[in-house]
Amino acid sequence: MKPREKKFSRAAHLDEGFELAESSWLEKFPEGFAGRVVEVHKRYAFVSPEPEEGEIKTRDVWLSTIARKFLQAKREQRNFIVVGDRVLCVPTSEDNAGVVTDLPQCVIQRLAPRRTLIKRLDPHRKEMEHILASNVDQLLIVASYVGPNVKWGLIDRYLVLAELQGIKPLIVLNKRDLLTKEKSEFQEDCAENIKIYEALGYSVFSVQANAPNARKNIDIQELKMTLKGKVSMLSGHSGVGKSSLVNLFEPELVQAVEKNEDIFYKGRHTTSYASFIKLGTGGYVIDTPGIRSFVLQELSHRELAEGFLEFQDFLSGCKYPGCRHLEEPECAVRAAVTEGKISARRYGSYRGMLQGTTGREGRIRDVVTEENE
Ligand SMILES: Nc1nc2c(ncn2[C@@H]2O[C@H](COP(=O)(O)OP(=O)(O)OP(=O)(O)O)[C@@H](O)[C@H]2O)c(=O)[nH]1
Ligand SMILES: [Mg+2]
Ligand SMILES: [Zn+2]
């Protein structure tokens, strides 16, 4: 088996000249200021000054473009600048973006090395990775019990991403009001899965974002507390209630929420840009548009197994050092599944991810192909 390069290493594609440690910024550009990218559009980005890391002046927005010499080489890249990036900006009087604006303008000259990355395979260009955000401390994995139905496989994918990136994941299950109307088997299945996640040490919040007094609800209060002093990104399918949740956290900008719920089934999104928002309670959130599919970049079986916390105790027990925990004999992970020490559903997610299924549900393909190795 040939060794694989580590795929989750820091943005290696970035031009070395563009990425530069912050300590040398002002020496190079004394007229510059440190900022945080709060929204990215096709030809420009919005940046807010951040003199001290973590103190972002989100009311002060600059329209910024990327220094031309970097842009030309990188025009193809969708990920050149993403929400959450910490950048060095130099004010300019030129209108570089070619738009009419009364915002002050600046040029992004440098990018601080990204601490964490939230990324997936680009659904439009399969060989490209699409970075959704950077420098995130926490990932709020938001799903609704019903409308749209919770996809446990998708939650597992986000958990793997968070584990491999060292980002703290929190699971938020919304639309609790709709769960009570469901069949008891469905309710039991939800309870069973919540138990699995809690046993792994993950926090699971069960909430109703549109309840009349939701802000006062104890679960919402607790959730709000976890956001203090951190940058938390909300992710999940369209219509699960991400923006409704943000609106409960005293955001500086109230997020649009579609009143007509049916619209989500027609595939329309309400939030169209990832955006960095300051909360009245301290801390920041990144509200994102719902995604249709979330396929992790290709991971080796070793990396993937690292993302499943419950596998860790068993990995050294497999007979073959290169065991992928699929059909290999004397596999300790599979034995643990048989003995009920690892959830069969979670193990199914692992197989689905390793074998490259769609990312929509974490389904299992029955045929084991060797190509994946
Ligand atoms: N029944 C019920 N509906 C809810 C709840 N929370 C939010 N909704 C509704 O769900 C719909 C979607 O909410 P949004 O907050 O816009 O969802 P979103 O995840 O931000 O969607 P995108 O921006 O498209 O990704 C809206 O019509 C909300 O009113 C809830 O707890 N129960
Ligand atoms: Mg939204
Ligand atoms: Zn094994």
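The values are calculated or read from the model by the stated rules, or taken from the named source; none is laboratory data. Since we're looking at a predicted model, the values are computed, not measured. Every residue, glycine as well, gets a Cβ built from its backbone with ideal geometry; the counts of neighbours run over all protein chains shown. Please note that ligands, DNA and RNA were not included when accessible areas were found on the heavy atoms of the full protein model with its side chains. Shrake-Rupley method; radii C 1.70, N 1.55, O 1.52, S 1.80 Å.
Worth a mention:
Per-residue answers, yes or no, for (1) more than 16 Å from ligand 3 (Cβ to nearest atom); (2) in a helix (DSSP H, G or I); (3) open to solvent by 50 Å² or more (accessible area, probe 1.4 Å):
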| position | (1), (2), (3) |
| --- | --- |
| 169 | yes, no, no |
| 181 | yes, no, yes |
| 185 | yes, yes, yes |
| 194 | yes, yes, no |
| 210 | yes, no, yes |
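- Scan segment 121-137 for residues that are outside any loop (DSSP other than H, G, I, E, B) and open to solvent by less than 20 Å² (accessible area, probe 1.4 Å) and the total you get is 3.
- Single condition residue 80 does not satisfy, out of (1) of a type in the set (Phe, Trp, Tyr); (2) modelled with pLDDT of 90 or more; (3) part of a loop (DSSP other than H, G, I, E, B): (2)
- Condition check for residue 234: in the same structural domain as residue 143 (by TED's automatic domain parsing) and open to solvent by less than 10 Å² (accessible area, probe 1.4 Å): yes
- Meets criteria (closer than 25 Å to residue 283 by Cα, in the same structural domain as residue 64 (by TED's automatic domain parsing) and in contact with a Cys (Cβ under 7 Å, 6 or more places away or on another chain)) for residue 106: no
- Close pairs from segment 313-337: first at positive phi, partner more than 16 Å from ligand 2 (Cβ to nearest atom) and among the hydroxyl-bearing types (Ser, Thr, Tyr), Cβ under 9 Å, at least 6 apart: 325/347; 325/350; 330/320
- Taken across segment 200-208, residues that are touching a Gly at 6+ places or on another chain (Cβ under 7 Å), at negative phi and assigned by TED's automatic domain parsing to the domain that holds residue 250 do not occur at all.
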